[in-house]
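Structure, as structure tokens:
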Amino acid sequence: MPSYGPYKNFKTGREAVDAAPKTGISVIIVGAGIGGLTCAVECALAGHGPITVYESVKKFARLGDTIGIMPNAGSIKIWRYDGVHIVDQIMVPLKAHDGETAEEIQQREEQEKQLRENPAFDAHRGDLHQVLLDYAVSVGVEVKQGINVSAYEETATGASVIINGERHTADLVIGADGVKSKAREIVLGYVDAPKSSGYAIYRAFFDGDLIRKDPLIAHLVEDHVDQRNVFLFPDCHFICAGVKDTKEFSWVMTHKDEADVTESWTAPGKIEDALKVASGFCDIVKHVIAATPPDGLLDWKLVYRDPLPTWVSPQGRIALLGDAAHPFLPTSIQGASQSMEDGATISQVLRLAGKEDVPLALRSYQDIRYDRVRNTQLLGEQVRNTWHKPRDWDNIDPESVKLPHSPALFGHDATAHAIAEFPAAAERVRDRFSMKDVKEVEPAKDAPMDVGGATAAVAIAA
Ligand SMILES: Cc1cc2nc3c(=O)[nH]c(=O)nc-3n(C[C@H](O)[C@H](O)[C@H](O)COP(=O)(O)OP(=O)(O)OC[C@H]3O[C@@H](n4cnc5c(N)ncnc54)[C@H](O)[C@@H]3O)c2cc1C
């Protein structure tokens, strides 16, 4: 396993797993997405095991397009998983800027240092997913593919999944099964159906040379330097980005969607339809769409879900993670990063609570994560509303539409935070729940939790 820069002294791979004191906590994870795999790896590194991941997809294709990884996911040090491959493409050279004061230089160097240690970048989702999958297997996680989990059960002492009529049991089960999560049903006690948002999103990914060929848009891949460009239009935004030194290129564009939400959530997109949506937009956008190969475009529905009243099952043995618990708007650029934070948190609270107190661990995980996740979801809504709202389109102040760079969001270290917060969270959980009377934790059926004046719904890319 390669080691890199600030991580060269970290133990990685089997070495780290072998060195970790063993907790004897067995974990089943349903879903080998980015969230489920990060949780599996972090649990292995924290000394838990055996860890089994069940995934319905038999063999992964290189699915998806660009996925944004933010510095808060970098704090989890997933770069240890494959330091050279991921980190090398985002190195920031430290160089002097003209006319800077000593104080400004110090501030910038501090920011750049943080970015080096906790990098942010755009990756192809399929590539990042493969890195995580390979790493999980290398640290002893058993990933079983082509297996569909049909039901969940729990008792006071453990939790089970049902596969082909057979029960498989562990100390806990993590439902990392994505936006269409089946695990939600046992956690909530009812079926939580998605709602139509009235919007969908075109997503495209293809060879960067197709952009290079067109002189009007070749600057988007200039000098083989990856750059992300955002174009704003009334009630619409278009984002395009180079990936892997512009060898590849991707774009996304929101559009109105009248189709029924029960229909397939993802379908091939038609270039002519996307061009119709962009008919009043600038030439750069139209040329990028026209350069897209017909098989390079997908049309994804954006559906609504209410924030969940709880992420943890009544007896505290099953917890939701990632999109299953809290889908994100694409404008948050946090879906993957927050699912990684979930996994890092779960691994630590399990270690701190121990095998005897798994329900305390999972409820503390929710206590530690809930408000941060909700605030981050709201940030995504705020960005979407800011971008889409009517304005004087000829005189936009660039500062007013910048993505918020919140130190609280990006500077967060989920592992350190979980360790620091666990004692207080556990105390609050003990106060709230009588561990003997599990009936107290039954979630309310129709009333989503009051999240401090938050809007009741979030939109998600399904
Ligand atoms: C195919 C795909 C492509 C995507 N492409 C992009 C993209 O291009 N850009 C972007 O920003 N985001 C994309 N996303 C979403 C993004 O990956 C997630 O928002 C983020 O990584 C958090 O994901 P997650 O691990 O919580 O869930 P997911 O990534 O949705 O993973 C859930 C996993 O659970 C498995 N699963 C579901 N039900 C069962 C069951 N009953 N039994 C066993 N396994 C089950 C699914 O097959 C899936 O692999 C994509 C997601 C998917 C599934």
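The values are calculated or read from the model by the stated rules, or taken from the named source; none is laboratory data. Please read all numbers here as calculations on a predicted model, not as lab measurements. All Cβ positions, glycine included, derive from the backbone under ideal geometry; neighbour counts span all protein chains shown.
Rundown of residues vs (1) over 30 Å from residue 156 (Cα atoms); (2) of a type in the set (A, V, I, L, M, F, W, C); (3) modelled with pLDDT of 90 or more, yes/no style:
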{"residue": "230", "(1), (2), (3)": "yes, yes, no"}
{"residue": "245", "(1), (2), (3)": "yes, no, no"}
{"residue": "255", "(1), (2), (3)": "yes, no, no"}
{"residue": "264", "(1), (2), (3)": "yes, no, no"}
{"residue": "291", "(1), (2), (3)": "yes, yes, yes"}
{"residue": "323", "(1), (2), (3)": "no, no, yes"}
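If you take the residues of segment 99-128 that are modelled with pLDDT of 70 or more and among the acidic types (Asp, Glu), which of them is surrounded by the most Cβ atoms within 10 Å (Cβ to Cβ)? Top of the filtered list is 122. Taking helices (runs of 4 or more DSSP H) as the structural unit, those lying wholly within segment 1-75 and holding at least 1 residues that are at pLDDT below 95 and within 15 Å of the ligand (Cβ to nearest atom) correspond to 34-45, 71-74.
Applying a threshold of 7 Å to beta carbon distances and a minimum spacing of six or more residues, or different chains, the list of pairs starting in segment 35-60 at a residue that is without any contact (Cβ under 8 Å) to a residue 12 or more places away in the chain and ending at one that is more than 10 Å from the ligand (Cβ to nearest atom) and in a helix (DSSP H, G or I) is empty.
Applying the set (1) touching a residue at least 40 places away in the same chain (Cβ under 8 Å); (2) not in a strand (DSSP E or B) to residue 196 leaves exactly one unmet item: (2). Within the option set 231, 281, 205, 249, being surrounded by fewer than 22 Cβ atoms within 10 Å (Cβ to Cβ), among the hydrophobic types (A, V, I, L, M, F, W, C) and assigned to a strand (DSSP E or B) holds for one residue only, 231. Between 174, 201, the distinction of being within 19 Å of the chain's Cα centre (by Cα), under 29 Å from residue 123 (Cα atoms) and either small (Gly, Ala, Ser) or modelled with pLDDT of 95 or more (or both) belongs to 174 only. Comparison of 322, 411 shows that the only residue that is in the same structural domain as residue 151 (by TED's automatic domain parsing) and surrounded by fewer than 16 Cβ atoms within 10 Å (Cβ to Cβ) is 411.
Residue by residue, here is whether (1) more than 12 Å from the ligand (Cβ to nearest atom); (2) more than 30 Å from residue 67 (Cβ to Cβ); (3) surrounded by fewer than 21 Cβ atoms within 10 Å (Cβ to Cβ) holds:
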{"site": "130", "(1), (2), (3)": "yes, no, yes"}
{"site": "154", "(1), (2), (3)": "yes, yes, no"}
{"site": "159", "(1), (2), (3)": "yes, no, no"}
{"site": "162", "(1), (2), (3)": "no, yes, yes"}
{"site": "167", "(1), (2), (3)": "yes, yes, yes"}
{"site": "174", "(1), (2), (3)": "no, no, no"}
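Given the condition at positive phi and either in contact (Cβ under 8 Å) with a residue 40 or more places away in the chain or not assigned by TED's automatic domain parsing to the domain that holds residue 239 (or both), answer yes or no: does some residue in segment 340-361 qualify? Yes, segment 340-361 contains a residue that is at positive phi and either in contact (Cβ under 8 Å) with a residue 40 or more places away in the chain or not assigned by TED's automatic domain parsing to the domain that holds residue 239 (or both).
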